Structures are given as structure tokens and as C-alpha cells.
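Working notes, beginning with the structure itself.
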Amino acid sequence: TADDHLVLWHDDDLPAPGRKLPIARTTLAALRAVDLGGGERIATLAEGMDLARGRAGLMIDLKAGGLARDLVATARRCDFAPIVACGHYWGSLRRIKLLDPAIGVAFTLHRTWRRPLGAIQIERGHADAVTVNWRIIDQQLVRRYHACGVAVLAWTVDDPAQMRRLLALGVDGLTSNRADLFAAVGD
């Protein structure tokens with residue numbers, strides 16, 4: 001936020017009545033003034049950690065660069081683990097790993113996953129995992145990264161047939177908007 005709070009929100013903007021509030025240029029107080037429905041308000045990363053404690057780990061998808069120091073400081077202050085940070089901000093992800101090797105990092109790949117720079121960074125041990133759009137995952141991708149000891153995580157899979165196909169290819173994890181479908185596939 002404009003006043004240096006890490007918040008949990010997927011997009012750059014928070015929808016507010018009649019406008020969108022750019023998170024990076026809006027104070028936490030102004031963001032919290034927005035009712036997201038049913039009285040729900042935007043949460044800070046620290047609040048998310050408190051909520052998840054003892055129930056789940058967190059995968060934090062970075063939406064901006066330069067957040068490494070604040071993310072690690074929040075995790076330490078909250079004494080929270082396990083955490084995996086993912087995203088396109090490879091410099092920030094490498095910095096997170098340097099600041100706290102216990103925090104996992106996952107580089108997000110797109111259709112250009114075969115691009116040499118990404119492969120070299122990952123194969124040199126700069127990533128614990130890759131997060132990949134499920135549409136481009138094939139056996140070659142899974143084999144390549146498994147051979148390096150890197151987990152393959154597919155996003156965002158909301159179709160049971162695709163979930164089964166990806167699990168058969170050997171992906172290590174799936175993200176989905178439909179936990180109910182994923183639970184049924186896992187049975």
C-alpha cells in the first residue's frame with residue numbers, strides 16, 4: 001500500500017463504488033474503508049498468516065517487485081511457515097531465498113518457458129518450483145524440471161478432466177478456484 005503494508009489481493013486495483021483504488025497508491029485505511037461484500041475488508045499479509053496458522057501454508061503470488069525484504073520481515077515477525085513465494089519478479093524471488101532460505105520460491109512461467117534465461121535460472125537452483133499455466137504443461141516440461149529437483153505447480157485448473165490429465169503427467173500441485181472439484185478428483 002502507499003503506507004507500506006502488504007495486503008492480500010490478486011489485482012493491482014481494488015474495486016470501490018464508482019472507481020478503482022490502485023493498491024500501491026492507496027493507504028491501508030482507505031482500502032479498508034471499502035466493503036468487499038458482507039462486511040468483509042481487505043486483509044494484510046500478517047492477518048492472513050494469523051488466519052492460516054496451524055491450518056495451512058501460504059503461497060504468496062507477488063504482484064510487484066521490491067517486496068522481498070517486507071515479505072521476509074512479516075514472515076519472521078509473525079513466526080509463520082511454510083511459505084512459498086511465486087511470480088514473475090525473479091529478482092525479488094531470488095532475494096527472498098537469500099534473505100530466508102526456508103521460504104520456498106516458485107518462478108512463474110508462461111508460453112516462453114523454453115526461453116534459455118528462465119531455464120538457466122531454474123536449473124541453477126534459484127527456484128524450488130515453477131508455477132505454470134496448465135495449458136502449456138506437457139510431459140517434456142514436467143520431466144525437465146523434475147530432473148532438476150524442481151516441483152511443477154499448475155494454475156488455474158477448474159476442470160476435473162484437466163486436473164486428472166495434469167496429475168497423470170506428474171505435476172506436484174494444482175491451484176484452482178474450485179476446491180470442491182479438486183477434492184472429488186482426489187478421491
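The values are calculated or read from the model by the stated rules, or taken from the named source; none is laboratory data. This one's a predicted model, so the numbers in the text were calculated from it and none came from an experiment. Cβ: placed from backbone, ideal geometry, glycine included. Neighbour counts: every protein chain shown. What goes into the accessible areas is simple: the full protein's heavy atoms, side chains included, and nothing from ligands, DNA or RNA. Shrake-Rupley method; radii C 1.70, N 1.55, O 1.52, S 1.80 Å.
Just to be sure, is residue 119 at pLDDT below 85 and outside any loop (DSSP other than H, G, I, E, B)? Spelling it out, residue 119 is indeed at pLDDT below 85 and outside any loop (DSSP other than H, G, I, E, B). Residue 144 meets all of the listed conditions (1) in contact with a Ser or Thr (Cβ under 9 Å, 6 or more places away or on another chain); (2) modelled with pLDDT under 90; (3) of a type outside the set (Val, Ile, Thr) but one, namely (1).
Among residues of segment 139-153 that are farther than 22 Å from residue 164 by Cβ, those with a Cβ under 7 angstrom from a residue that is assigned to a helix (DSSP H, G or I) and open to solvent by less than 60 Å² (accessible area, probe 1.4 Å), sequence gap 6+ or separate chain, pair up as 148/122; 150/122.
Of the residues 91, 54, the single one that is open to solvent by 40 Å² or more (accessible area, probe 1.4 Å) and either among the hydrophobic types (A, V, I, L, M, F, W, C) or under 20 Å from residue 126 (Cα atoms) (or both) is 91.
Can you name every residue in segment 152-187 that is of a type in the set (Gly, Ala, Ser), modelled with pLDDT of 90 or more and crowded, with 19+ Cβ neighbours inside 10 Å? Of everything in segment 152-187, just one residue is of a type in the set (Gly, Ala, Ser), modelled with pLDDT of 90 or more and crowded, with 19+ Cβ neighbours inside 10 Å, namely 154. The residue that is modelled with the lowest pLDDT, among those in segment 14-29 that are surrounded by 13 or more Cβ atoms within 10 Å (Cβ to Cβ) and more than 26 Å from residue 72 (Cβ to Cβ), is 16.
Among helices (runs of 4 or more DSSP H) lying entirely in segment 128-187, which contain 3 or more residues that are closer than 24 Å to residue 105 by Cα? Helices (runs of 4 or more DSSP H) meeting the threshold: 139-147, 160-169. When residues in segment 124-183 are screened for being in contact with a Lys or Arg (Cβ under 6 Å, 6 or more places away or on another chain) and under 29 Å from residue 96 (Cα atoms), 2 of them pass. Counting only helices (runs of 4 or more DSSP H) wholly contained in segment 1-115, the ones carrying 3 or more residues that are within 29 Å of residue 148 (Cβ to Cβ) and in contact (Cβ under 8 Å) with a residue 24 or more places away in the chain occupy 68-78, 90-99. Would you say residue 66 is surrounded by fewer than 14 Cβ atoms within 10 Å (Cβ to Cβ) and either in contact with a strand residue (DSSP E or B) (Cβ under 6 Å, 6 or more places away or on another chain) or more than 28 Å from residue 126 (Cβ to Cβ) (or both)? Here the answer is no, as residue 66 does not meet what is asked.
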